[in-house]
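Asker: I have a structure I would like to understand better, so I am pasting it below and will then ask my questions one at a time.
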Amino acid sequence: MIAMHTHTPVMVREVLELLHPQPGAIVVDATVGLGGHSVEIAPRLVPGGWLIGIDRDPQALEIAGRRLEPFSGAMRVTLVHADFRELPQILSARGIEGIDGILYDLGVSSLQLDSAERGFSFRFDAPLDMRMDTSRPGVTAQEIVNRWSEADLRQLIWEYGEEPAAARIAHAIVQNRPIGSTQQLAAIVARAAGRRGGRLHPATRTFQALRIAVNRELEGLQEAIEQAIRHLLPGGRIVVLSYHSLEARAVKRAFQRLSGKCICPTGTLMCQCGAERWIQVLTPHALKPEAEEVARNPRSRSAQCRAAQRLMGA
């Protein structure tokens, strides 16, 4: 049995205010993780509500299931081992045509970061895995660093890590193959990147890039958010927590396009993005955690919260 894991959900007050869950509602936690947000949402759905939690990580689902078990007598709780991009199939399989709310808490979970054997963090020396779903076959970070060309690694680290030293890091990785562990890779990256100010370890952006690639985190993200919006009932709400600029950009573009704002490149003579007015954006500017929360939970410092509501006539 997996031990219960300490987990502090991010921006809970803001999420609850924006999601506004009500008794009897159907709410999806599309990245349920350890259930930190769901255990706060669930009491607000009683009586008669339905909470559907989705996650790719079977370990996280087991913990979330135990945390949500006390609510199962007063409402329905369904946990699904799947990718949130499978939302239409998940709802269709359960005869659900529309939902009242959906929450996305993007990125890596504290369970994944704090489990040494998962290879997400260079705080522990572990094999370079980084798969969120270890129950299914898939490319690992070790395969990427040891098999990809220098040019492909440079592009990956620059694009997904937004790392200025991407070229030097990619060259160093290729020169030091084979690389088998997190701390071996972190040391290679740190030497290549050189000393820099700030609180970020020099390897942070490279590890982010590898994790995004392994788990295809940005693949179809904007489309998934737009799909979710189309499954909202009139008045239903979507709340999204993102943690880096690439995620935030995809969420912002989805909200803009479905609030009727053209997202075509500047200079485009005729709109080609198909902007439609489905939602009212509730957060004109992304909300960020308060200083007190960041002091209590440093992992919340990069969070951005956006929300929107499905229009009644859309």
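Asker: On full extension of the chain, what length is gained from Arg44 through Glu150, given 0.36 nm per residue of separation minus the C-alpha to C-alpha distance?
Answerer: Value of the extension gain: 33.0 nm.
Asker: Shifting gears a bit: With n ≥ 4 as the cut-off for DSSP H runs, can you work out [θ] at 222 nm for the chain, using -39500 (n - 2.57) per run divided by the number of residues, rounded to the nearest 500? Walk me through the numbers before you get to the answer.
Answerer: On the way: 13 runs with 117 residues, N = 314.
Helix-only estimate at 222 nm: -10500 deg cm²/dmol.
Asker: Hey, how much of the P(r) for the chain falls beyond 28 Å, as a percent of Cα pairs?
Answerer: On the way: 20911 of 49141 pairs.
Every Cα pair in the chain considered, those over 28 Å come to 43 percent.
Asker: Translational diffusion coefficient, Stokes-Einstein: compute it for the stretch 121-215 using the Kirkwood radius over C-alpha pairs as Rh, at 20 °C and 1.002 mPa s, and state it as an integer in µm² s⁻¹.
Answerer: 164 µm²/s
Asker: Counting only GluC sites (Glu not before Pro) that sit in a DSSP loop (anything but H, G, I, E, B) with at most 14 other Cβ atoms within 10 Å, what is the longest stretch of the chain containing none of them?
Answerer: Longest stretch, sites excluded: 1-96.
Asker: Oh, and also: Suppose each label sits 7 Å from its Cα in the direction of the beta carbon; what would the Ala286-Arg199 distance come out to in nanometres?
Answerer: Result: 1.7 nm between the two label points.
Asker: Sticking with this structure for a sec: Given +1 on the Cβ of Lys and Arg, -1 on the Cβ of Asp and Glu, and no further charges, what dipole in debye does the chain carry about its Cα centre, rounded to the nearest 20?
Answerer: Dipole about the Cα centre, nearest 20: 680 debye.
Asker: Which order results if Leu185, Leu218 are arranged by neighbouring Cβ count within 10 Å, fewest first?
Answerer: The most exposed by this proxy come first: Leu218, Leu185.
Asker: Sticking with this structure for a sec: Do me a favour and compute the ellipsoid semi-axes for the stretch 164-270 from its Cα gyration tensor, root of five times each eigenvalue, largest one first, whole Å.
Answerer: Details: eigenvalues 274, 53, 33 Å².
Semi-axes from the Cα gyration tensor: 37, 16, 13 Å.
Asker: Further, regarding this structure: If you rank Cys271, Cys264 by fewest surrounding Cβ atoms within 10 Å, what's the result?
Answerer: Details: Cys271 11, Cys264 14.
Ordered by Cβ neighbours within 10 Å, fewest first: Cys271, Cys264.
Asker: For Cys262 and Ser135, FRET efficiency with R0 = 51 Å and r from the beta-carbon atoms, rounded to 0.05? Could you put the intermediate results ahead of the total?
Answerer: Working: r = 42 Å, r/R0 = 0.82.
The value I calculate is 0.75.
Asker: Using +1 at the C-beta of Lys and Arg and -1 at the C-beta of Asp and Glu, which of Ala126, Tyr243, Ile54 has the Cα lying farthest in the positive direction of the dipole of the chain?
Answerer: Looking along the dipole axis, the top candidate is Tyr243.
Asker: To continue, here is another question. Listing Met312, Met75, Met270, Met11 from the residue with the fewest other Cβ atoms within 10 Å to the one with the most, what is the order? The partial results should precede the final answer.
Answerer: Details: Met312 9, Met75 19, Met270 6, Met11 23.
Going from sparsest to densest Cβ surroundings: Met270, Met312, Met75, Met11.
Asker: Taking N as the number of residues in the stretch 17-97, what is its alpha-carbon radius of gyration divided by 2.2 N^0.38 Å?
Answerer: Normalised Cα radius of gyration, the stretch 17-97: 1.00.
The numbers here are math on the coordinates, done by the rules we state, and not lab data. Predicted, not measured: the structure shown is a model, and the values here were computed from it. In this analysis, Cβ positions are derived from the backbone assuming ideal geometry, glycine residues included, and neighbour counts consider all displayed protein chains.
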